[in-house]
Every structure is written in structure tokens, then in C-alpha cells.
Amino acid sequence: MIRTAVILFLVAALATAMLAITGEPGHASVVWLGWRADMTAAAFVLITLLVALSAMLAWRLLVWAAEAPRRAERTRAEAKRRQANEVLTRGFVAVAAGDGLEARRLAAKAADLADEAPGLVRVLAAQAAEAAGDAVAAQAAYTAMLSLPDMRLAGRKGLMQLALAQGDRAAATTHAEAAYGEPRTARWAWRAVLEARLEASDWDGARELAKGALERKIISPLVADRARAALLAASAAQLEADADPKRRAQALERAVEAAKLQPGFAPGVVMAARLLSGDGKAGRAAQALENAWKAAPHPALWLAYRDLKTDETPRQRGERLWRLAALNPGERESRILLVEQALIAGDPERAQEAARELASEPVTARIAGLFARAAFAAGQPDEARVWMARGLGAPQEPDWSDLDPEGRAFAYQPADWARLVVSFAESGELIHPRHERRERTLGELPELPISYADSAVLLAGHEAASTPYDIADGVYEDDEPPPPPAPRGGDRRPSGRRRLASAPRVAK
């Protein structure tokens, strides 16, 4: 303001001076208290401007002096605020470093300084107590946050984590449900409540929770659809084994709905196809599997598709599988299926041609076994055992591990379904419990004739202590394989490996 007044004064003075220079200074007389002063008009204007400017400067000086105490108070408050921010920063750094004692000292100091940030002080106090291992103080600090509307979610989350650390899952669930019930909630609260319901195998309650989370825009429509599909499949798996026909019919409905929601969710689609086929609806089962193959090919899908018909020749079955692979020809599973269908159809040349399309794939036990079977079918046993040797040390494929050699694919336990729901809902990824638990799965490597078994092991760098299979299991070119012994009741097959040199099986 003073700067503006000075500028105006200079402009007025300049204008007055220009008028005086032009030769017309004018005349002014001032009479005051018996005194009379005669002067030019230009001089009068300059004197008036100077007096006005001086009066304004004197007033500003007086106001500045009067505001000195308030200005000093503001300076002290600003210094205190800067000190509080510094103490809070150092406190949170100490928490991040795990220095509980230093964090608690700084938290106590911040409580005296940071009057304008009580929320940050409480967060620091709670985290400092946790870093120091004082669960009682941490619980008290998190509980104090519940009195502040803006900090209730943070308080509930802290109390939930403390309860989980103490093994009190019931209290943790209570805090998560309270946080989920807040008008403004967070995704972690939904996730915690969902996991609690999944742990209790409450599939219907979890579906309602996913629906509510979508309506409140906590999760996206894609996450909601994936969660619902997985939950419907888990519920169908539970109802499928029920003795009540109505509940088994309900399992079919839920599996079909899961397949429609997420065609790429192989566990749900395979279950829906199995139930539809058992209900005499093989056409709908085939359509569901074909849609799933277009979305996300999986080994379990073509195995289920293969077994839909039991009255066809191997060549007819191979042609049907070829049509399935043609629905999504660019995918890796489709290229693998072309090899499988050629082997099923008894066309070794086409099997080897299709196998060459997989030459750029990383060598896994499954790929090595596939090449070995194609080579042996084409009359190249030496190449077959080389692939066998490579497959002995190659890694397995997690996707392949969910195929049970003596049962159903995706035979998840309730705990596996619970993990699958969370994993598939959030990322679209399948979990593979058998692979994680190192359980026996469908063997990727075929059985070798005994004349090649020992050398294959030696080629892999392992010394064979004993023959891996009985001599009766070996099949030679000039011998007809003996019929397998009839299985006894309750006996399981000794191995899930594929037969490399066995005679063609009758189509299922």
C-alpha cells in the first residue's frame, strides 16, 4: 500500500512540475488562524501531496507498533509449528526404522507441540507403541482414534491388526465389520470381512458382501464378477456332494452361472460341464467348454471336452479336439492340444509337425513328455528317451498340477476355495494347491519301455538304483502288452504317469 502511495505521489509531482514548467504555475492563497500564505498552485499541490504521504506513513508506523505483540505471537506459533512438524517427521522415521524407544519419546514431545494436528500425534503414538512392543499402549492409542470421525477407519484397522497379532480372530473380524459399516469405508475392511466369511465357508454371505461392495463402489465390476464366479463355483462344489436332489440341481445352476460370468474361470467351467453332462445336456456342456477355450485355454478344459463323448473312434475324437484347438489357434494350450489330438487320432507325422511349433517354448516336464510321446509314436525311440532325460530335470507346470490322475480336476478343499476366491477376484490368477503341496499329479512324462528306462536316468545325470517300473510294464516292439491285472477294491494306481508304448486305449 505504501509503495502504491509513493508511486501516486511521484506521478502527481511529475504532472505538477510539468504544468509549472509550461509557464502557467497558477496562484494559491491559504488563510488559517490569522496567517496567510501565498504561493503558486504547483507548490500548493506538491506540499499537499507531501503532507498526505507523511500522514499515511505516520499512520502505518503507528499500526505496526500496535500490532507488534500479535506479530510476535504469530512468530512464536510458527516456530512451534515448524518444531512440531520436525518432531513428527523424526518420530515417523523412527517408527519406520523400528526404534520404538526413540519413537515413543518423540511422540510424547509431539503431543506437547502439535496442538493443531491431534490426529497425527495419535497415529504416531500408536505406531510408536507398536514399534516398542507395548500392545496395551497401542490399543489405547488406536481406541482414542475412534473418537475422531476422520480417524475411525485408521483406528479400526490398527485394532484389527493388533487382534490378529494376538490370535484373536473374532475380535479382528468385529473391528473389520465395524469399519466396513462406516459410511466412508475402505477396501481393506471389505477384504478382511470377506476372508472371515470365506474361512467359515459362508459362500452365500460372501456373495452378498461382494454385491454390496460393488454397490458402494469399493471394488470394480470386474473384481465383483470374478469374486461372484469363484464363490458360485465354491458353493456348487459344496452342494454337488449333497444327497438331496434339489441341492444338486442348485449346484448345477450355480456352476452354470459361474461359467457365464467368467468363461475364463476353468474350475467353474469344468464343474459346469461335468454337471451338465451328467444331467444329459452334453451339447450345453460342449458349448461352455468351447466358450472357455476361446477366453482362456486350460488343460482341464480339453480333457473335459475329450470325455464328453464315449461312443466315438480315436480318429473322430482327434478331429473333435482339433476343432476345439482351432477356436483359439494362437494360444500355447491350443498348440499343445494339436499334438495331443494327433496322438489320439494315431497320426504321428502330424503330431511331430505340431510339436515342432512348440520348439521355442521353455522345456518343462510336460513339454518334454509331449515331445517324447510324439517321437516314440513316429518310431524314433532314441529321440524319445533324450526328451525323457531332459524332462526328468525340467520344472513342472503349475496349471497342469490341478489335474488329478485318479479323480476330478480342481478337487479343491474349502480352504483352497477360500484362497482361490481372493486370488482370482483380485488378480484373475488361479492357485494350484497340488503344486504348492507337492501332491501327486498327472504325470507329464510317459512310461518308458524298460530297455530305455535306465539309460534315460543316466542321461539325466542320476545313477539308477533300481528299475523305475516293473518289467511287466515294459512293452517291446515285437511283443503284445499283457493285459493289466484287475484292480482290487480300494487300490490306487501306483503312478499317474502316461504310457508311452502301450496299445491304443478304447475311446471313452
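Laboratory data are not the source of any read-out in this text; all were calculated from the coordinates shown. Here the structure is a predicted model, which means the values were calculated and not measured. Cβ: placed from backbone, ideal geometry, glycine included. Neighbour counts: every protein chain shown.
Could you pull out the pairs from 211/260; 157/211; 211/281; 246/281; 109/157 whose alpha carbons sit more than 20 Å apart here? Please report the intermediate quantities before stating the final value.
Details: 211/260 17 Å; 157/211 22 Å; 211/281 30 Å; 246/281 18 Å; 109/157 25 Å.
Exceeds cut-off: 157/211; 211/281; 109/157.
Could you work out the local net charge near residue 380, counting Lys and Arg as +1, Asp and Glu as -1, over the other residues with Cβ closer than 12 Å to its Cβ? Write down the numbers at each step before the final one.
Details: positive: 373, 385; negative: 349, 382, 383.
Overall, the nearby charge balance is -1.
Multiply the residue gap between residue 331 and residue 33 by 0.36 nm, knock off their C-alpha separation, and tell me the result in nm, one decimal place.
On the way: separation 298, 0.36 × 298 = 107.28 nm, distance 10.86 nm.
Fully extending the segment from residue 331 to residue 33 adds 96.4 nm.
Please say if segment 182-234 is rounded, prolate or oblate, where rounded means a/c under 1.5 for a ≥ b ≥ c the square roots of the C-alpha gyration tensor eigenvalues, and otherwise the choice is prolate for a/b larger than b/c and oblate otherwise?
Values: a/c = 2.22, a/b = 1.30, b/c = 1.71.
Oblate is the answer for segment 182-234, as a/c is 1.5 or above yet b/c matches or exceeds a/b.
Show me, for segment 285-294, the HN-Hα J-couplings you get by feeding each phi into the Karplus relation (A = 6.51, B = -1.76, C = 1.60, θ = phi - 60°), rounded to Hz, glycine and proline as x.
5, 4, 5, 5, 5, 5, 4, 5, 5, 5
Starting with the highest mean, order 47-59, 399-411 by the number of other Cβ atoms within 10 Å, averaged over the residues of each peptide. Each step should come with its number before you reach the end.
Working: 47-59: 12.8, 399-411: 17.6.
Result, highest mean Cβ count within 10 Å first: 399-411, 47-59.
Could you tell me the calculated FRET efficiency between residue 382 and residue 315, based on Cβ-Cβ distance and R0 = 30 angstrom, to the nearest 0.05? Don't skip to the answer; put the middle values down first.
On the way: r = 28 Å, r/R0 = 0.94.
E between residue 382 and residue 315, to the nearest 0.05, is 0.60.
Between residue 222 and residue 93, what length comes free when the chain is fully extended (0.36 nm per residue of separation minus the Cα-Cα distance, one decimal in nm)?
42.7 nm
What is the distance in Å between the Cα centres of segment 83-114 and segment 132-177?
20
What distance in nm separates the simple spin-label points at residue 65 and residue 260, each placed 7 Å from Cα in the Cβ direction?
If labels sit at residue 65 and residue 260, their model points lie 8.8 nm apart.
Once both labels are modelled 7 Å past Cα along the beta-carbon direction, what's the residue 323-residue 148 spacing in nm?
Placing both labels 7 Å along Cα→Cβ, they lie 6.7 nm apart.
Can you give the relative contact order of segment 100-258 as a percent, counting alpha carbon pairs under 8 Å and 6+ residues apart? Each step should come with its number before you reach the end.
Working: 174 pairs, mean separation 17.5, N = 159.
Result for segment 100-258 is 11 percent.
For segment 314-324, in order, what is each residue's ³J(HN,Hα) by Karplus, 6.51 cos²θ - 1.76 cosθ + 1.60 with θ = phi - 60°, in whole Hz (x at glycine and Pro)?
Karplus-based 3J(HN,Hα) across segment 314-324 equals x, 5, 5, 5, x, 5, 5, 5, 4, 5, 5 Hz.
What list of ³J(HN,Hα) values in whole Hz, one per residue of segment 47-62 in order, does the Karplus curve 6.51 cos²θ - 1.76 cosθ + 1.60 (θ = phi - 60°) give from phi, with Gly and Pro shown as x?
For segment 47-62, the Karplus curve yields 5, 4, 4, 5, 5, 4, 5, 5, 5, 5, 5, 5, 5, 5, 5, 5 Hz.
For a Förster distance of 22 Å, can you work out the FRET efficiency between the beta-carbons of residue 282 and residue 250, rounded to the nearest 0.05? All intermediate terms of the calculation are to be shown ahead of the outcome.
Working: r = 21 Å, r/R0 = 0.95.
Working from the Cβ atoms, E equals 0.60.
Determine the sum of side-chain charges near residue 146: Lys and Arg each +1, Asp and Glu each -1, restricted to other residues whose C-beta is under 13 angstrom from that of residue 146.
+2
Taking H as built 1.01 Å from N, whose amide H comes closer than 5 Å to the amide H of residue 28, not counting residues under 5 places away?
Result for residue 28 returns 39, 40, 41.
What's log10 of I(q)/I(0) for segment 56-213 at q = 0.10 Å⁻¹, Debye sum over Cα points only, no solvent?
-0.51
If you consider only alpha-carbon coordinates, what radius of gyration and Dmax does segment 170-268 have, in Å?
14.5, 44
What is the spin-label model distance, in nm, from residue 111 to residue 419 if the labels are put 7 Å beyond Cα along the C-beta direction?
Placing both labels 7 Å beyond Cα along the Cβ direction yields 4.3 nm.
Please report, for the Cα atoms of segment 235-280, the Rg to one decimal and the Dmax as a whole number; what are they, in angstrom?
Both quantities, over Cα of segment 235-280: 9.7, 30 Å.
Consider just the alpha-carbon atoms of segment 42-145 and return their Rg together with their Dmax, both in angstrom.
Just the Cα atoms of segment 42-145 yield Rg and Dmax of 25.0, 84 Å.
At q = 0.21 Å⁻¹, what is the log10 ratio I(q)/I(0) for segment 338-422, with the Debye formula run over Cα points and no solvent?
Taking Cα atoms of segment 338-422 as identical point scatterers yields -0.97.
Would you please give the FRET efficiency between residue 76 and residue 215, computed as 1/(1 + (r/R0)^6) with r the Cβ-Cβ distance and R0 = 60 Å, to the nearest 0.05?
Numbers: r = 51 Å, r/R0 = 0.85.
It comes out at approximately 0.70.
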